[in-house]
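K.L.:
Could you have a look at this structure, given as structure tokens, before my questions?
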Amino acid sequence: MPDCYAQRVLNPFRGVMQVIRHQAAEAVSMDGVHWDIYVSNDTLLAGTEDSTGPVQVSEARFGRWSAEAGLARGPLHPSEDFYRMERMAMVVYEHLRRAHDRVPFPYRDRYERWLLTRTGAPLVLLDSAVDRDAARPPGEGHWRIGLVAQEQFAGTPMPGAEGHAGRYLMDYINGLADEAVWFHREPDGSGHRLDGTAATPEHLPAAAFPTLLIRTDGHDGPHTRLVADFIAWQAPWLLLLDGLDDATRAGLERQARSRAAEVARLFRLYPTLIDPEQIGAARVEARLTEGPVRPAVECNDDLVAFYDEFNPGGAG
């Protein structure tokens with residue numbers, strides 16, 4: 001049977017990708033409604049088992065599917081490899097038709113790469129991975145706030161600061177950072193260090209990892225307010241996370257109310273609701289003010305191939 005799971009889209013954090021995977025084929029969705037099906041020629045990986053790093057092969061687009069519109073097929077390239085790849089993709093497609101309404105799927109990205117403070121405390125989440133082989137350092141760690149945030153996020157003005165609040169926050173957080181380290185998160189939420197220097201503890205308790213993916217304590221008053229403003233701006237996406245306590249989720253629901261279009265696009269993937277009326281009101285507002293909305297997904301260097309497909313007019 002195909003594997004169904006969820007994985008966070010990170011650096012910047014812009015939601016959770018739902019995945020249905022079978023061998024070298026997978027269907028992916030950022031909203032639980034519109035799905036893109038890809039398949040790669042996994043025979044090209046033969047002989048690369050001893051490679052020192054992950055080996056990637058290009059993916060062909062099998063098609064796009066939604067329950068309302070059905071399947072729109074991608075281009076056909078008849079060949080022996082193509083027919084084998086199509087059989088894998090068809091398995092994913094048939095399972096997608098049966099399983100699409102079961103979202104959100106359980107999270108599987110238990111490997112996490114955190115940017116740490118100089119004292120070794122997790123500061124902000126940079127990346128995540130489903131398996132150990134993918135949890136490899138891609139170079140110097142740097143937190144990106146994202147183009148959308150740089151354009152739209154308007155936090156509390158900082159005394160003496162010039163420029164946009166989003167750019168200021170990104171520079172501030174990166175200025176606090178030391179190294180980026182991979183951890184494996186255990187079922188109890190604690191983390192076991194996979195790399196990094198000897199100064200980093202080998203094991204951190206669950207409480208050491210920020211629930212909302214960025215450290216909220218340890219800042220002075222103005223910067224604490226700025227981080228809180230950013231979390232409020234991210235609320236529609238943060239509601240996608242599992243494991244939030246009721247008070248945190250209720251607060252995020254109130255904050256997300258001001259971003260009705262994003263809530264209307266993502267609400268199907270919220271694991272639970274504390275105040276359904278807040279989410280319902282946001283959906284009504286989105287219908288009345290903007291109509292059906294499916295905004296372009298922000299460009300992320302690690303998932304450019306996906307974003308180019310999600311946003312045919314050009315990634316942000």
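The values are calculated or read from the model by the stated rules, or taken from the named source; none is laboratory data. These figures come from a predicted structure and were not determined experimentally. Neighbour counts are summed over all protein chains in view; Cβ atoms, including those assigned to glycine, are modelled from backbone coordinates with ideal geometry.
K.L.:
If I ask for residues that are over 20 Å from the mean Cα position of the chain (by Cα) and either exposed (fewer than 13 other Cβ atoms within 10 Å of the Cβ) or not in a helix (DSSP H, G or I) (or both), which ones from region 199-215 would you list?
P.N.:
Across region 199-215, the qualifying residues are Ala199, Thr200, Pro201, Glu202, His203, Leu204, Pro205, Ala207.
K.L.:
Just one of Gly191, Gly243 is under 22 Å from the mean Cα position of the chain (by Cα), crowded, with 21+ Cβ neighbours inside 10 Å and over 26 Å from Gly155 (Cα atoms); which is it?
P.N.:
One residue alone meets the criteria, Gly191.
K.L.:
What number of residues within region 109-141 satisfy the criterion of being assigned to a loop (DSSP other than H, G, I, E, B) and either among the hydrophobic types (A, V, I, L, M, F, W, C) or touching a Cys at 6+ places or on another chain (Cβ under 9 Å) (or both)?
P.N.:
Selection size over region 109-141: 3.
K.L.:
Any chance you could count how many residues in region 174-189 are over 19 Å from Asn11 (Cα atoms) and either free of Cβ contacts under 8 Å to residues at least 12 places away in the same chain or among the charged types (D, E, K, R) (or both)?
P.N.:
3
K.L.:
If I filter region 155-176 for residues that are modelled with pLDDT of 90 or more, crowded, with 19+ Cβ neighbours inside 10 Å, in a strand (DSSP E or B) and out of contact with any Pro (no Cβ under 8 Å at 6 or more places or on another chain), do I get at least one hit?
P.N.:
no
K.L.:
So, restricting to strands (runs of 3 or more DSSP E) that lie completely within region 1-72, which ones have at least 3 residues that are exposed (fewer than 13 other Cβ atoms within 10 Å of the Cβ) and modelled with pLDDT under 95?
P.N.:
In region 1-72, there are no strands (runs of 3 or more DSSP E) which contain 3 or more residues that are exposed (fewer than 13 other Cβ atoms within 10 Å of the Cβ) and modelled with pLDDT under 95.
K.L.:
Filter region 245-275 for residues that are within 20 Å of Val33 (Cα to Cα) and assigned to a helix (DSSP H, G or I) and give the result.
P.N.:
Ala260, Ala261, Glu262, Val263, Ala264, Arg265, Leu266, Phe267, Arg268, Leu269
K.L.:
Another question, then. So the check is Cβ under 8 Å with 6+ separation or different chains; which pairs have a first residue in region 88-115 that's free of Cβ contacts under 8 Å to residues at least 40 places away in the same chain and not assigned by TED's automatic domain parsing to the domain that holds Ala208 and a second one that's outside any helix (DSSP H, G or I) and crowded, with 17+ Cβ neighbours inside 10 Å?
P.N.:
Final answer for the pair search is Arg97/Trp65.
K.L.:
So, one more: Which one is farthest from Asp36 (Cα to Cα) among residues in region 65-96 that are touching a Phe, Trp or Tyr at 6+ places or on another chain (Cβ under 8 Å) and of a type in the set (D, E, K, R)?
P.N.:
Glu86
K.L.:
Now for a different question. Quick check on my filter: what residues within region 209-226 are of a type in the set (Gly, Ala, Ser) and in contact (Cβ under 8 Å) with a residue 12 or more places away in the chain?
P.N.:
Gly218
K.L.:
So Ala247 ticks every box in (1) farther than 21 Å from Ala121 by Cβ; (2) in contact (Cβ under 8 Å) with a residue 60 or more places away in the chain; (3) not basic (Lys, Arg) but one. Which box is left unticked?
P.N.:
That leaves (2) as the condition not met.
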